[in-house]
Amino acid sequence: MKRILIVLLVLAGFINAELITREGKPGKDKRMQWWRDARFGLFIHWGLYAIPAGEWNGKTEYGEWIRHNAEIPIDVYDKFVAQFNPVKFNADEWVRMAKDAGMKYIVITSKHHDGFCLFDSKYTDFDIMSSPFKRDILKELADACRKQNMKMCFYHSIMDWHHPDYLPRRPWEKDRSVDGADFNRFITHLKNQIKELLTNYGDIGVLWFDGEWEETWTQKMGDDLYKYVRGLDPRVVINNRVSKGRAGMEGMTEEGGGAGDFGTPEQQIPATGFPGVDWETCMTMNDHWGYNKANNNWKSTKDLIRMLTDIASKGGNYLLNVGPTAEGLFPQASIVRLHEIGKWMKVNGESIYGTNASPFKKLDWGRCTQKKIKNTTRLYLHVFNWPEDGTLQVPGLLNKPQKVYLLSDANKTPVPFEVNEGLVTLNVGSKVPNEINSVIVVDIKGKPQVGNAPEIISESEIFTNELPIMVKSGADKVDIRYTLDGSMPTKDSPVARGKIILKDNAVISARCFIKGKAISDTTKREFKKVELLPAEKTEGLTNGINYKFYEGEFDVTPDFSNLKAAREGVAEDFTINNTFANDNFAFDYSGYINVPSDGVYTFYTESDDGSKLYIGDKVIVNNDGLHSLTERYGRIALAKGYHKIRVSFFERTGDEGLSVYFKAPGKSKVKIKPSL
């Protein structure tokens, strides 16, 4: 009753959305708990793009971006509405397949970038009710989810290629005028549709935004939208793509990057995870999000199960995509994989749901998840490579196991084990329980104590005067011994206590010991003492930066000395203005940056496609090549004053984007404001 009352009061406007968003850590933990426990969800990309099924004018490489990538005029694309009639769609069957696969929530495209809505919206005719189907797909799915105890969630694109007030237009839409377009009016439309989604379909678990990267959408707009959504429903979980802080396909919000409850790595699994941060990897089963009839490059069931395990072992969620056909069917290859994943999850789901990241930094034979059960920690050892000799070593585990058994063994027959300092050996036998992933349960008392390789912590790898270094381990009962010359630490090496102050070049090697015995791998990092780059003598500078614009197709940032600029001028910042050309172009920016004090500075470029950043004549950030929105960084020691800065950038088809930042010692990352 209390939850219903709060929602009604919010809808009535009596609770300030600003107060709701200041919920604090306990409030957020409570709101996020179901999502953190779920670990596994189904992504569904479905819309008009399923009709051409990836093919246009003889080319078959398209997906949900077909209107943009194939440059289909809006009046031609609109004709798909009259053809969209997915008579084989069965919401109960879709939800059943997801549930049988072990998934706990479904995220479906209520509206993708093309603007077509799979729901009955009173704010547009470009929706499912204008098609021959005339059934609200989201309502049928929401009802099916409630019946089968599945969380219903919606993906909703901020970018909208169809709405007359959305800006910018596609670069190739030369015949589609922007006269009269009002982006603020579009935001009102966006909010109206979001209110429909949150009030007409029952309890919604996640609003999954996308398309926030275009320059018309600002961080302020994103933060405001986050508050608006939470004002409509304080319980809803919102991804970080509502705002502007996402660092490319890596998907994590940069420092000071705006609102959002979890990060969204796309088509990739972070190497180490993000301790203390919520994140979710979204990934296709083949090469496309939307249905492509020609694409048969399917990931194997083995790969998908191991990816799910890898993600859970790093503390993340896995959102696995299916692109249904225009008839409303899941592709058969998707059905097979969902069924096979489900068979594994029925036996081993306990080792995924409600688990936390592994206490081990590295396990050569597989992964580990863990779960706290009263005063016990349950370790789930996911063995990808079963030992041929029947003995599995668990390196660095300092706790003595209380109980060990195979998760697939209903009788929980004890697995014999031996314990030596820093090494637990399980006698598991040579018979492999599961060729993809065999799970062994190890119960230990209290918190895991693991002798992982120590972590060497510093703000930079270069310094000008002296540099404080911290060396840490997650285990309580170990000595961390280190050397400064890169040699292997021994039992006689000094013990790291507090800060290590470097005053000259060093290669720190560190390793964990117990009673003089090494129990971990060695961590090694190199640090260099460098000279400050002197400032330039300048007079009469004004704000802004010079640019030269070039036309052409490039695979890497070109040698501009051999090219003739199509246009040049002065810009306020590193904003891309590609109104001079279509999808293939390059910019070369040059100017000065005013450094406020002596120190080591970190520079960043975030670009789609390639970019390079120079200070003086030296490349500091190399973010070159063909790629999606990607951030790279580099460091240099600079004296106080003005320094030449140059940024080269190129774009070859598709989306474009360029942002340039720097970070002063002890400060947060900020956008660069250059001077001429």
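The values are calculated or read from the model by the stated rules, or taken from the named source; none is laboratory data. In this text, all values refer to a predicted model and were calculated from it rather than measured experimentally. Cβ coordinates were reconstructed from backbone atoms using ideal geometry, including for glycine residues, and neighbour counts include every protein chain displayed. The area values use the complete protein model at the heavy-atom level, side chains included, leaving out ligands, DNA and RNA. Shrake-Rupley method; radii C 1.70, N 1.55, O 1.52, S 1.80 Å.
Structural remarks
- Taking N as the residue count of the stretch 254-367, its C-alpha radius of gyration divided by 2.2 N^0.38 Å amounts to 1.17.
- Dividing the helix sum by the residues of the chain, where each DSSP H run of 4 or more adds -39500 (n - 2.57), gives a mean residue ellipticity at 222 nm of -5500 deg cm²/dmol.
- Solvent-accessible heavy-atom area per residue, rounded to whole Å², over the stretch 423-507 at 1.4 Å: 51
- Carbon/sulfur fraction of accessible area - the stretch 21-132, other protein chains in place, 1.4 Å, %: 47
- Largest-first ordering by accessible area, 1.4 Å probe, given options Val600, Val394: Val600, Val394
- Cα gyration tensor category, rounded, prolate or oblate, for the stretch 337-392 with a/c compared to 1.5: oblate
- Selected from Gln402, Leu381, Pro416, residue furthest toward positive end of dipole (the stretch 381-421; charges at beta carbon): Gln402
- Inter-site label distance for Lys431 and Leu541 at 7 Å from Cα along Cβ, in nm: 7.4
- Projecting the alpha carbon convex hull of the stretch 478-602 along each direction and taking the average yields 13.6 nm².
- Stretching Met32 away from Gln393 to a fully extended chain increases their span by 126.4 nm, per 0.36 nm per residue minus the current alpha-carbon distance.
- Fully extending the segment from Phe183 to Lys472, taken as 0.36 nm per residue of separation minus the present Cα-Cα distance, adds 99.0 nm.
- Share antiparallel - DSSP beta bridges, the chain, percent rounded to 5: 75
- The Cα atoms of the stretch 513-580 give a gyration tensor whose axes a ≥ b ≥ c have a/c of 1.5 or more with a/b greater than b/c, which makes the shape prolate.
- Remark: the Glu572-Asn375 segment gains 65.0 nm on full extension, using 0.36 nm per residue and subtracting the alpha carbon distance.
- The stretch 346-446 - percent of accessible surface contributed by carbon and sulfur, probe 1.4 Å: 47
- In the complete set of protein chains, residue-level accessible area for Arg185 is approximately 120 Å², probe 1.4 angstrom.
- In Å², nearest 10: area of Asp100 left accessible to a 1.4 Å probe: 70
- Rounded to the nearest Hz, the phi-derived 3J(HN,Hα) couplings of the stretch 601-613 under the Karplus curve 6.51 cos²θ - 1.76 cosθ + 1.60 (θ = phi - 60°) are 10, 9, 10, 10, 10, 10, 9, 9, 8, x, 8, 9, 10, where x marks glycine and proline.
- Scaled against the 2.2 N^0.38 Å expected of a compact globular protein of N residues, the Cα radius of gyration of the stretch 454-552 reads 1.65.
- Accessible surface for the stretch 316-383, divided over its residues, is 40 Å² per residue with a 1.4 Å probe.
- Calculated on alpha-carbon atoms, Rg and Dmax of the chain in Å: 27.4, 82
- If you take all other residues with their beta carbon under 9 Å from the beta carbon of Met159, and give Lys and Arg +1 and Asp and Glu -1, the sum is -4.
- Proximity of backbone amide H atoms, modeled 1.01 Å from N, is registered between Gly641 and Val595, Ser597 at under 5 Å, excluding neighbours fewer than 5 places apart on the same chain.
- Cα shape, the stretch 188-245, gyration tensor, a/c 1.5 rule: prolate
- Average accessible surface for the stretch 602-676: 39 Å² per residue, computed with a 1.4 Å probe over protein heavy atoms with every protein chain in place.
- Accessible-area composition of the stretch 545-676, carbon plus sulfur, in percent [1.4 Å probe]: 43
- Label-to-label distance for Glu215 and Glu418 is 6.7 nm, based on points extended 7 Å past Cα in the beta-carbon direction.
- Where Met152, Met307 fall by accessible area, highest first, once all protein chains stay in place (1.4 Å): Met307, Met152
- Dipole magnitude of the stretch 67-123, debye to nearest 20 (Cβ charges: Lys/Arg +1, Asp/Glu -1, about Cα centre): 220
- Point-charge dipole on Cβ atoms (K/R +1, D/E -1) for the chain, about Cα centre, debye to 20: 3180
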